[in-house]
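What follows is a single structure, written as structure tokens, with notes after it.
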Amino acid sequence: MSEQINEIRRRRTFAIISHPDAGKTTLTEKLLLFGGAIHVAGAVKSNKIRKTATSDWMEIEKQRGISVATSVMGFDYEGYKVNILDTPGHQDFAEDTYRTLTAVDSVIIVVDIAKGVEAQTRKLMEVCRMRQTPVIIFVNKMDREGKDPFDLLDELEQELQIQVRPLSWPIEMGVKFKGVYNIYEEKLDLYTPSKQVITESVGIEDIYSSELEKYIEGGLVEKLRSDLELIKGVYPAFEMNAYLQGQLAPVFFGSALNNFGVKELLNCFVRIAPSPRKVRAEEREVIPEQDPFSGFIFKIHANMDPNHRSCIAFLKICSGKFERNLNYKHVRLDKMMKFSQATAFMAQRKETVDEAYAGDIIGLPDTGNFKIGDTLTTGEILHFKGLPSFSPEMFKYIENADPMKAKQLNKGIDQLMDEGVAQLFIHQFNGRKIIGTVGQLQFEVIQYRLLHEYGAQCKWEPLHLYKACWIESDSKEHLDYFKKRKFQYMALDKEGRDVFLADSSYVLQMAQQDFPQIKFHFNSEF
Ligand code: G4P
């Protein structure tokens, strides 16, 4: 096998997602410890951002700046190259997380045994489902009392709308927690509550062997056996293809804080998780292992320090190999560009990269050339699909507060939208600009950045909307009729697509009922 194919096939690029507090940071940290990428716990702090008071968003931005270093954490583990993409813990930046999910080949979802499926997990899973991203579920905090594991599996199936298959099974929980039977590796993992000790495992292939009784007491052995029989009877056998197509999620149980079940998760993950997957471009299907190089920008991180006002554009390599100082085509600008300062992310260091392969993320220093979704190639014209915008949840009219600076304001708004800070809609009825976000903080970020980076002042005016839906129809006539009838609710997004602004779920329902020929979409790519 050529070196390039080998390099690409050993890559595992993924994100860990969860509702805040389920244990994403802790799990990330433990994975990095096992990967030898860090040596002490407590090194991953980016997620602690959410614990800052929400009003202090400047502090949040500062920390987000620090977190650039931990945006991507790469390490080698048992011959695999693992790339973990960090996602912001603060839910006001959920849009960032959605976009990060477009750059991963699989995800691990962390669920708290006591809390089960929570709001943020449900939303993020929707994005995974849309993209058929393979999902592994880690049920965390088994050292605490929580839901009955079978009930939790039902909840996962229902709430996340995915088939599940336990690959490990807990023996008790909370203070009585004894460990798990690791179905995937056919061994018993015994639990010692400690942050320092790593799981003690005993290989037990036959769960009917009397060996088991040496480690756990009789009653629990019986219960474990009957649980495992039930699992075998009720859940389909683990099927690799179903997992790879995003239809079946293997489930592991453990306690990230106590280092329990994490190595087992990682062992299974590197073996079953996909290497970089094929990517659909408008022009053709792009196969990771095949030359030439191509990639797309999925995230732009602005430096909030006014003295260093540069950005880092994050590029996911979709195919081939990136090489330093070669000329690449910026497809949208139809311009050749050379990158001498691209950075790779190994653990928490950023280092200049000479070459990187499909699956890797590299950081490109940028001074306004890139916007989300831009493509780089060796010359071919490619447009990658699958970078949708999602309906925002909060909306405000943006108005100019300094008539002398109208030009600066418009330029600032345009550039911030290109960076993906929020979404812009133009109301067709009154021509006013509407900014849509997923959280209040983004409005504050925009106002601050417009002033400090563009010298423009904006003010916000309230606008009560429920959702912005992208609409389409097979019949132009019906579409035109709808747009005419709903003129006062119509807007255009930044790309000039038609958007229906529904001010309540009732209005939306009525529109769906009254206009069956119109399709309403909650994201821009359908
Ligand atoms: P997040 O990134 O998903 O938001 O969660 P994070 O890892 O920060 O974990 C949230 C809290 O849950 C932390 O406690 C963490 O120590 C705790 N935790 C994580 N895994 C486990 C586990 O397996 N068992 C138990 N019992 N707790 C766990 P905290 O008090 O909020 O923060 P800290 O002061 O411990 O850092």
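The values are calculated or read from the model by the stated rules, or taken from the named source; none is laboratory data. Every value quoted in this text rests on a predicted model; they were computed, and no experiment measured them. With ideal geometry, Cβ positions are generated from the backbone for all residues, glycine too; neighbour counts draw on all protein chains shown. For accessibility, only protein heavy atoms count, side chains too; no ligands or nucleic acids. Shrake-Rupley method; radii C 1.70, N 1.55, O 1.52, S 1.80 Å.
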> For segment 441-526, which whole-number percentage of the solvent-accessible area (1.4 Å probe, protein heavy atoms only) is attributable to carbon and sulfur atoms?
Replying inline: 50
>> Once you order the gyration tensor axes a ≥ b ≥ c over the Cα atoms, which shape class does segment 399-452 get: rounded for a/c under 1.5, otherwise prolate or oblate by comparing a/b with b/c?
In response: oblate
>> Leaving out ligands and nucleic acids, and using a 1.4 Å probe, what accessible area per residue does the chain come to in Å²?
In response: 43
>> I need the shape label for segment 187-261. Rule: rounded when a/c is under 1.5, else prolate if a/b > b/c, else oblate, with a, b, c from the alpha carbon gyration tensor.
In response: oblate
> Over all distinct alpha-carbon pairs, what is the Kirkwood Rh of the chain in angstrom?
Replying inline: 24.7
> So for segment 248-394, Kirkwood radius off the Cα pairs, Stokes-Einstein at 37 °C and 0.692 mPa s: how many µm² s⁻¹?
Replying inline: 190
> To the nearest 10 square angstrom, what accessible area does His521 show with a 1.4 Å probe?
Replying inline: 40
> Within segment 241-327, which GluC sites (Glu not before Pro) sit in a loop by DSSP and count at most 12 neighbouring Cβ atoms inside 10 Å?
Replying inline: Glu282, Glu283
> What's the carbon and sulfur percent of segment 135-222's accessible surface, probe 1.4 angstrom, rounded to a whole number?
Replying inline: 44
> Expressed as a whole percentage, what fraction of the accessible surface of segment 336-418 belongs to carbon and sulfur atoms when a 1.4 Å probe is rolled over the protein heavy atoms?
Replying inline: 49
